[in-house]
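Participant: Below you'll find the structure I mean.
The values are calculated or read from the model by the stated rules, or taken from the named source; none is laboratory data. Values in this document were obtained by computation on a predicted structure and should not be read as measured data. No Cβ is skipped: glycine too gets one built from the backbone with ideal geometry, and neighbour counts run over all protein chains shown. These accessible areas exclude ligands, DNA and RNA; they are computed on the full protein's heavy atoms, side chains included. Shrake-Rupley method; radii C 1.70, N 1.55, O 1.52, S 1.80 Å.
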Amino acid sequence: MEMTPFQLANNTPLSLSPNFVLPVNKRPNLLNVLPSASIPIIDLNDNNIDDGQGPSPLVSKISQACEEYGLFHIINHGVPKELCQKTLSVVRAQYVTKDHTKQAKALNYYQKVQKYEGIEKVKMWSETFSHPWHHTEDFTHLLPTNPPQYREVFAEYARKIGELFDRLLSLISRGLGLENDCLKRRIGERPRLNCQANYYPPCPDPELTIGLPEHNDLGSIAVLLQVEGVTGLQVIKDGKWLPVDPVPNAFVINLADQIQVLSNGKFQSVRHRAVTNKLLPRLSLGMFYNPNYDTVIGPIEDLIDEEHPPKYRKYSFKEYMEVFYRQEGKRRVIEAFELPP
Ligand code: OGA
Ligand code: NI
């Protein structure tokens, strides 16, 4: 049989082999997840409530969502529905192509767990690939060539998502009482932009395994596109897992660690995971916007005063990534940079 990097996508097994089965204390406990949740849905096209500068009703809605959830849906975001659908369909086609190119780096996540025999790697019920993107420069030579439309469709998607990142970073900056371009400047020159496609095949037993383990994203914010009608993403709020059910024609925006630090803890990076379901395959595409390794991150000076002392020390993004690669268990990476109160 011809081997492809995407085994699950092309030949999903009907039962879980033991190397997918998590020990009891790592299982998702789906019965404890609330059946539905009121994640904020924010309409970006409400011009009546935003004039592009300073505070506005739109800015306060976003700000509230950033404080309370670290995650929200956006609708009327300016990226055409057809383009989103075309993008998901070229991404899906990448999973079935046999002509796998080195441009799409396949990644199969695992979790290290303690079993009787010692530390073991348990595989996640998902298959992912990632590649860079760029909002202004031509980066098409870095993209997969299969299916043939991939490059053209993705380049257009990246251009639109680049504009959306600018807009969101500006709204979030204003929510902190800062200049429109403040966060973008602080995330710095030559940001590292990459995307990750996640495919979750239907799973014979969603209680025994997980699609993506709980984590915080690394960079500034993430723009996630997901297929409609299939849930899987969950977030922690007040110690409980909540589902983030897909909203038609929306993106999920989630805040990542560098925004929590830059905002001196006012806005929170959201802890999230993806679980599986028995019936339907699920596909999502996350676009990420990270600082480059030399960028120094720390609480923005304008947000610091006697009442608000800095909660984190300064570090370079390289240092952050070193801690990330060494991290163990459930400890969060930014805890390593916390200052004593
Ligand atoms: C990610 C992620 C969630 C999802 O790619 O970082 O959290 O719903 N994905 O696929
Ligand atoms: Ni994530």
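Participant: GLU179 is checked against (1) crowded, with 16+ Cβ neighbours inside 10 Å; (2) modelled with pLDDT of 95 or more and fails just one. What number does that condition carry?
Facilitator: If we test GLU179 against (1) crowded, with 16+ Cβ neighbours inside 10 Å; (2) modelled with pLDDT of 95 or more, just (1) comes out false.
Participant: Looking only at the stretch 186-215, count how many residues are more than 9 Å from ligand 1 (Cβ to nearest atom), assigned to a loop (DSSP other than H, G, I, E, B) and on the phi < 0 side of the Ramachandran plot.
Facilitator: 12
Participant: Taking GLN268 as the residue in question, decide whether it is within 16 Å of ligand 1 (Cβ to nearest atom) and either open to solvent by 10 Å² or more (accessible area, probe 1.4 Å) or among the small types (Gly, Ala, Ser) (or both). Even if it seems obvious, please write down each step before you answer.
Facilitator: Details: within 16 Å of ligand 1 (Cβ to nearest atom): yes; either open to solvent by 10 Å² or more (accessible area, probe 1.4 Å) or among the small types (Gly, Ala, Ser) (or both): yes.
It is true that GLN268 is within 16 Å of ligand 1 (Cβ to nearest atom) and either open to solvent by 10 Å² or more (accessible area, probe 1.4 Å) or among the small types (Gly, Ala, Ser) (or both).
Participant: Among residues belonging to the stretch 294-324 that are under 19 Å from ARG271 (Cβ atoms) and among the hydroxyl-bearing types (Ser, Thr, Tyr), point out the one that is surrounded by the most Cβ atoms within 10 Å (Cβ to Cβ).
Facilitator: The extreme case among them is TYR320.
Participant: Then there is this: So which residues in the stretch 283-293 are touching a strand residue (DSSP E or B) at 6+ places or on another chain (Cβ under 6 Å), open to solvent by 10 Å² or more (accessible area, probe 1.4 Å) and either more than 8 Å from ligand 1 (Cβ to nearest atom) or over 15 Å from ALA158 (Cβ atoms) (or both)?
Facilitator: Passing the criteria: ASN290, ASN292.
Participant: Just checking, does the stretch 239-248 include any residue being more than 22 Å from PRO28 (Cα to Cα), more than 9 Å from ligand 1 (Cβ to nearest atom) and touching an Asp or Glu at 6+ places or on another chain (Cβ under 9 Å)? If you could, list the steps in order and put the result at the bottom.
Facilitator: If we filter the stretch 239-248 for residues that are more than 22 Å from PRO28 (Cα to Cα), which is where we start, we get 247-248.
Still in the running and more than 9 Å from ligand 1 (Cβ to nearest atom): 247-248.
Then drop every residue that is not touching an Asp or Glu at 6+ places or on another chain (Cβ under 9 Å), which leaves 247-248.
Checked against the condition, which is being more than 22 Å from PRO28 (Cα to Cα), more than 9 Å from ligand 1 (Cβ to nearest atom) and touching an Asp or Glu at 6+ places or on another chain (Cβ under 9 Å), the stretch 239-248 yields at least one hit.
Participant: While we're here: Looking at PRO213, PRO191, PRO202, PRO206, which one is touching a strand residue (DSSP E or B) at 6+ places or on another chain (Cβ under 8 Å), open to solvent by 10 Å² or more (accessible area, probe 1.4 Å) and within 30 Å of PRO18 (Cβ to Cβ)? I'd like the intermediate steps shown before the answer.
Facilitator: Values: PRO191 fails: within 30 Å of PRO18 (Cβ to Cβ); PRO202 fails: touching a strand residue (DSSP E or B) at 6+ places or on another chain (Cβ under 8 Å); PRO206 fails: touching a strand residue (DSSP E or B) at 6+ places or on another chain (Cβ under 8 Å).
Testing whether each residue is touching a strand residue (DSSP E or B) at 6+ places or on another chain (Cβ under 8 Å), open to solvent by 10 Å² or more (accessible area, probe 1.4 Å) and within 30 Å of PRO18 (Cβ to Cβ) leaves just PRO213.
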